[in-house]
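As structure tokens, the structure follows; a few thoughts come after it.
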Amino acid sequence: MAPLPPSTAPRPAAIPASGPAPRGWWRRNQIAITPWLFLAPGILFFAIYVLIPVFQSFNVSLYDWDGLGEAEYVGLANYEEMYWDDAFYTSLRNNVIWLVLYLLAIPGGLAIALFLNQTVTGIRIYKSLFFFPFVISQVVVGLVFSWFYDPSFGLLNVMLGWFGAGPINVLGDERWVTYGIIAAGLWPQTAYCMILYLTGLNAVDPEQIEAGRLDNAKEFRMLWHIILPQLRPATFIAFVVTIIGALRSFDLISIMTAGGPFGESRVLSFYMFEVALSEYGFRMGYGAAIAVVLFLIMLVFITYFLWSMYREERGR
């Protein structure tokens, strides 16, 4: 039988290539994309309810608008008016006082946390008492301190009477009103810082504590060189929330004084509310300009803290 010509000879079956089959795009990028899928809802809501309103506030601050009628573009006139506004500077001064004195909540919270971290009789009762201010509403705190400061029946003036001192109208005296409200705000804020430090103390490395004791580090030296460096994350969060709380400080002022007496207890957040939604004729543009200034002040602090955190993480 004659052989078939080469062109018509049967070819051997193709041998499949060795190795895994090529993966699709999703399988190649699954690890990198999955975290963003979890973050997507939070990022979306943050953009809708935070970022977009921030830019809208910048835009509204350039208009003279009552919130209902037609807006009139005035450029930087609202900021120029703010420059000559004595009430704005009073509010700004009070915000600075709030910022300085509100930071007392951080060492106060640390001191209480160090005490509650000890093994003493009745420690659970002490923890409950110190934790209580954190769980109650700011409105309740404002009402309690309003009664405490009352010149007629308040406990403060009752105690002053024991020492022969006359009654003091803390919330009615322009010299003392801001400090009285700050004292009320420090009560729950100190409890919040205490909780942060209690959480941080639970994460302190006991081996470092033991090593410090072997090196004869006691009391202040132990606290400063061993414990506080390990509490930096808690301290960072305490600084951020305390500064933001001092700049926001609206609810206590609204409940205790409504900005009085004579507007001496205003802060920027409350003054913004007054000019935009209260007795000043619904001046949305001017209120937005105050909000922009307050936002820029907060942005300076937040940027600084974020940069410090980034630099610390990078240095590790």
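The values are calculated or read from the model by the stated rules, or taken from the named source; none is laboratory data. Note that the structure is a prediction, hence the values are computed from the model and not measured. Here Cβ is always computed from backbone atoms with ideal geometry, including for glycine, and neighbour counts include all displayed protein chains.
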Q: Kindly indicate whether any position in the stretch 74-95 is modelled with pLDDT under 90, charged (D, E, K, R) and either part of a strand (DSSP E or B) or more than 21 Å from the chain's Cα centre (by Cα) (or both).
A: no
Q. Identify, please: which residue in the stretch 62-108 is closer than 12 Å to residue 289 by Cα and among the hydroxyl-bearing types (Ser, Thr, Tyr) and is, among those, surrounded by the fewest Cβ atoms within 10 Å (Cβ to Cβ)?
A. 83
Q) Out of the residues in the stretch 109-143 that are of a type in the set (Gly, Ala, Ser) and surrounded by fewer than 12 Cβ atoms within 10 Å (Cβ to Cβ), which is modelled with the highest pLDDT? A) 137
Q) Does the stretch 59-71 include one or more residues that are assigned to a helix (DSSP H, G or I), at pLDDT 90 or above and farther than 24 Å from residue 253 by Cα? A) yes
Q: Can you give me the number of residues within the stretch 175-216 that are among the hydroxyl-bearing types (Ser, Thr, Tyr) and over 15 Å from residue 132 (Cα atoms)?
A: 4
Q) Counting only residues that are within 19 Å of residue 186 (Cα to Cα) and hydrophobic (A, V, I, L, M, F, W, C), which one in the stretch 144-159 is surrounded by the most Cβ atoms within 10 Å (Cβ to Cβ)? A) 145
Q | Pair list, Cβ < 9 Å and 6+ apart or interchain, from the stretch 40-51 residues that are surrounded by 10 or more Cβ atoms within 10 Å (Cβ to Cβ) to residues that are of a type outside the set (S, T, N, Q) and assigned to a helix (DSSP H, G or I) | A | 43/36
Q: Could you please tell me which pairs satisfy a Cβ distance under 7 Å, a separation of 6+ or placement on different chains, a first residue in the stretch 195-222 that is within 18 Å of residue 109 (Cβ to Cβ), and a second residue that is among the hydrophobic types (A, V, I, L, M, F, W, C) and assigned to a loop (DSSP other than H, G, I, E, B)?
A: 197/231; 200/231
Q. Would the stretch 236-251 turn up any residue that is in contact with a helix residue (DSSP H, G or I) (Cβ under 8 Å, 6 or more places away or on another chain), touching a residue at least 60 places away in the same chain (Cβ under 8 Å) and farther than 30 Å from residue 82 by Cα?
A. yes
Q. Being touching a Phe, Trp or Tyr at 6+ places or on another chain (Cβ under 7 Å), among the β-branched types (Val, Ile, Thr), closer than 25 Å to residue 87 by Cβ and modelled with pLDDT of 90 or more, is that true of even one residue in the stretch 172-180?
A. no
Q: Within the stretch 205-221, track down each residue that is of a type in the set (A, V, I, L, M, F, W, C), modelled with pLDDT of 75 or more and loosely packed, with under 10 Cβ neighbours inside 10 Å.
A: 220
Q: Could you tell me whether any residue of the stretch 160-177 is closer than 19 Å to residue 243 by Cα, touching a residue at least 40 places away in the same chain (Cβ under 8 Å) and surrounded by fewer than 19 Cβ atoms within 10 Å (Cβ to Cβ)?
A: no
Q) Which ones in the stretch 181-202 are at pLDDT below 90 and farther than 19 Å from residue 239 by Cα? A) 202
Q: With a cut-off of at least 2 residues that are within 18 Å of the chain's Cα centre (by Cα) and among the aromatic types (Phe, Trp, Tyr), name the helices (runs of 4 or more DSSP H) lying wholly within the stretch 137-214.
A: 177-202
